[in-house]
1. From the list LEU207, LEU143, which residue is open to solvent by less than 50 Å² (accessible area, probe 1.4 Å) and touching an Asp or Glu at 6+ places or on another chain (Cβ under 8 Å)?
2. Could you please let me know if ALA155 is outside any strand (DSSP E or B) and crowded, with 21+ Cβ neighbours inside 10 Å?
3. For the stretch 160-179, give me each residue that is open to solvent by less than 50 Å² (accessible area, probe 1.4 Å), in a helix (DSSP H, G or I) and of a type in the set (Val, Ile, Thr).
4. Have a look at ALA147, ALA155, ALA189 and point out the one that is within 16 Å of THR210 (Cβ to Cβ) and either modelled with pLDDT of 95 or more or out of contact with any Lys or Arg (no Cβ under 9 Å at 6 or more places or on another chain) (or both).
5. For the stretch 101-111, check the following and say yes or no: at least one residue is among the basic types (Lys, Arg), closer than 23 Å to GLY144 by Cα and not in a loop (DSSP other than H, G, I, E, B).
6. Test each condition in (1) at pLDDT below 80; (2) closer than 23 Å to ARG130 by Cα; (3) not in a loop (DSSP other than H, G, I, E, B) for PRO234 and report the one that comes out false.
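The values are calculated or read from the model by the stated rules, or taken from the named source; none is laboratory data. Note that this is a predicted model, so its numbers are computed, not measured. For neighbour counting, all protein chains shown are included, and Cβ atoms are generated from backbone atoms with ideal geometry for every residue, glycine included. Heavy atoms of the whole protein, side chains included, go into the accessibility calculation; ligands, DNA and RNA do not. Shrake-Rupley method; radii C 1.70, N 1.55, O 1.52, S 1.80 Å.
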Amino acid sequence: MNHPATIWGGGEERSILELSSPIDLETLLLPQTPDDGPDDRPWNVEIGFGKGRYLLQQAIARPDERFLGIEMVGKYARLLADRAASRGLSNLAVIRGEALYLLAAALPRGFARSLHVYFPDPWPKSKHHRRRLFDPTSVDLVLGVLAPGAALQFATDYLVYGEDVAALLAHAPSIDVLERIEAPWPDGARTNYEAKFIREGRPIIRLAATVKQPLPACVLHPDGWPRIVAATAPEPETAPSADPPPATPELLRRR
């Protein structure tokens, strides 16, 4: 990263360098009242929220839950932070930074009840696939933010990428149920892009997944762990065995 990540929340703007690692989530937002103890409201995370349409709507509608948005583009991160502040929202925190870096080095594991990823960069060229948020070597980081039993919701208009993500999730050891959502989300379009694509009649792949409860002992993706181990360990034979392959979840149940 060229610049340290910036965090907005609790009425403050801070550098990530000012906080502990992993981040103590209790420090991101102001207490609900001065006498409150630890905040046990569940966390919901959106990665790459753009102009923040869905995240802002949800934070307004669900004050009994907490929301964390991660966005690389600084002007969009500040835009959402300013909108949240102008509405007096005390349940929404924003981090400007690169998602995989934050997931690997800054955020705790297994803290979120839901994770939302809508229309991420598909990096269509083969040589750039490793930059995708959902890649065999990075999907474990992304899913690692979720608590056992938590939910992932994903959408893309880049159909090849959508099918790649569906196949990737189908063989992820931590995924229990994977569904393909044929109709629009019940609450309508969740991004400005999605609203535009619906008007144009453009096909969209929507996926919903549930994390296993409890989690398996090994959550490394079978297509990714050989490269991860090769990059981090001198003894490849110490890697977990890929045989037999993990059980495939109840794949693409349609609704």
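1. Step by step, each of LEU207, LEU143 is checked, and only LEU207 is open to solvent by less than 50 Å² (accessible area, probe 1.4 Å) and touching an Asp or Glu at 6+ places or on another chain (Cβ under 8 Å).
2. no
3. If the condition is that a residue be open to solvent by less than 50 Å² (accessible area, probe 1.4 Å), in a helix (DSSP H, G or I) and of a type in the set (Val, Ile, Thr), then VAL165 is the only one that fits.
4. ALA147
5. No, every residue in the stretch 101-111 fails to be among the basic types (Lys, Arg), closer than 23 Å to GLY144 by Cα and not in a loop (DSSP other than H, G, I, E, B).
6. PRO234 satisfies every listed condition except (3).
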